[in-house]
Amino acid sequence: MSIDLWYWPEIPGRGEFVRLFCEAGEIDYADMAREQSGDALVEHMHALEGRRPYAPPYIVDGEVVIGQTALILQYLSDKEGLGSGEMETDLQLLQLQMDISDLVEEVHSVHHPVASELFYADQMDSAFEKAGYFRAQRIPKHLIHFDNAIATSGGPFCLGQQWSHVDTSLFQVMEGLDYAFPNYMKTMQGSWPHLEGLQGAVPEIESLAEYLASEQRLDFNENGIFRHYDELDEQ
């Protein structure tokens, strides 16, 4: 049975982490807001009752409704048998996925350091200051952490030769950072070789290649999480 994915239709955002895993794992899903509209997403979310998700992305699988990217991916991984098969290792993968969520939130806070409700133009000075610290301190700290996790298995994936939801998400992170901070990432090339190897290996997952080359794969843009502004990528 197909699952319903609800996320904003105009941006890759957090929804893309779910799309990539579903495509790689050949999980049937309907991208509901892209088939209908952003207004339909808002209407559907507000109609949910009980312990409903706070914000998209969320999935509907029969009677099951789950929000939060890391939990969605863990749920689908367990359901489809795409984890390691060992509880301790799968919990470590979930831990890494939550670390990815932390990094994604930090990326967003670079261009919106004061408030999400304000436009970028209203907080440019603060964003410029935040970006310098983010490039110098936070990106290396996060990426070295993930690089070490891959190195533990010998690569190219976190589980060695077997890919997982962590790998498709790290691929999206690396692609997003290359888009948002191209000068910085080029300067730092070679600093996290296992991550760079993973970035090259994920597109070779046979079931994912067609999606990555299709129009279904949304481009990064300045309405999403990973945004490029020249002034935030100064070296």
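Among the residues of segment 204-222, which ones are within 14 Å of the chain's Cα centre (by Cα) and either small (G, A, S) or exposed (fewer than 15 other Cβ atoms within 10 Å of the Cβ) (or both)?
Just the residues of segment 204-222 that are within 14 Å of the chain's Cα centre (by Cα), to begin with: 217-220.
The one that is within 14 Å of the chain's Cα centre (by Cα) and either small (G, A, S) or exposed (fewer than 15 other Cβ atoms within 10 Å of the Cβ) (or both): D219.
Within segment 149-177, can you find the residues that are without any contact (Cβ under 8 Å) to a residue 24 or more places away in the chain and either assigned to a helix (DSSP H, G or I) or more than 17 Å from G190 (Cα to Cα) (or both)?
T152, S153, G160, Q161
Determine if segment 228-235 includes at least one residue that is touching a His at 6+ places or on another chain (Cβ under 8 Å) and in contact (Cβ under 8 Å) with a residue 12 or more places away in the chain.
yes
Looking at A136, A201 in this structure, which one is over 16 Å from the mean Cα position of the chain (by Cα), closer than 25 Å to D28 by Cα and assigned to a helix (DSSP H, G or I)? Please lay out each step first, then the result.
Working: A136 fails: closer than 25 Å to D28 by Cα.
After ruling out the rest, the residue left standing is A201.
Under 20 Å from G13 (Cβ atoms), out of contact with any His (no Cβ under 6 Å at 6 or more places or on another chain), in contact (Cβ under 8 Å) with a residue 24 or more places away in the chain and in a helix (DSSP H, G or I), is that true of L195? Break it down into steps so the answer makes sense when it comes.
Details: under 20 Å from G13 (Cβ atoms): no; out of contact with any His (no Cβ under 6 Å at 6 or more places or on another chain): yes; in contact (Cβ under 8 Å) with a residue 24 or more places away in the chain: yes; in a helix (DSSP H, G or I): yes.
Here the answer is no, as L195 does not meet what is asked.
Scan segment 110-119 and give yes if some residue there is touching a residue at least 12 places away in the same chain (Cβ under 8 Å) and in a helix (DSSP H, G or I), otherwise no.
Yes, the conditions are met somewhere in segment 110-119.
Out of all the residues in segment 133-147, which are without any contact (Cβ under 8 Å) to a residue 12 or more places away in the chain and not charged (D, E, K, R)?
Passing the criteria: Y133, A136, Q137.
Consider E86 carefully, then state whether it is of a type outside the set (A, V, I, L, M, F, W, C), over 24 Å from W192 (Cβ atoms) and modelled with pLDDT under 95.
Working: of a type outside the set (A, V, I, L, M, F, W, C): yes; over 24 Å from W192 (Cβ atoms): yes; modelled with pLDDT under 95: no.
Answer is no for this residue.
I want to confirm something. Restricting to segment 178-191 and keeping residues that are outside any helix (DSSP H, G or I) and in contact (Cβ under 8 Å) with a residue 12 or more places away in the chain, which single residue is surrounded by the most Cβ atoms within 10 Å (Cβ to Cβ)? Working first, answer last.
Taking segment 178-191 as the starting set, the residues that turn out to be outside any helix (DSSP H, G or I) are 181, 188-191.
Subsequent filtering for residues that are in contact (Cβ under 8 Å) with a residue 12 or more places away in the chain retains 181, 188, 191.
Details: F181: 25, M188: 15, S191: 14.
Filtering first and then ranking leaves F181.
Considering only residues that are under 20 Å from the mean Cα position of the chain (by Cα) and in a helix (DSSP H, G or I), which ones fall in segment 39-67?
Scanning segment 39-67 gives a single hit, L41.
Among the listed residues Y229, Y133, which satisfies the condition of being surrounded by fewer than 14 Cβ atoms within 10 Å (Cβ to Cβ), among the hydroxyl-bearing types (S, T, Y), closer than 30 Å to V114 by Cβ and modelled with pLDDT of 95 or more?
Only one candidate passes the filter, namely Y133.
Hey, any hits in segment 163-174 for a residue that's among the charged types (D, E, K, R), closer than 25 Å to W8 by Cα, modelled with pLDDT of 95 or more and crowded, with 21+ Cβ neighbours inside 10 Å?
yes
Applying the selection to segment 103-126, what residues are surrounded by 13 or more Cβ atoms within 10 Å (Cβ to Cβ) and within 21 Å of E175 (Cα to Cα)?
Passing the criteria: L103, V104, E106, V107, H108, S109, V110, H111, H112.
The values are calculated or read from the model by the stated rules, or taken from the named source; none is laboratory data. Keep in mind the model is a prediction, meaning the values are calculated, not measured. Here the Cβ is made from the backbone with ideal geometry for all residues, glycine too, and neighbour counts use every protein chain on show.
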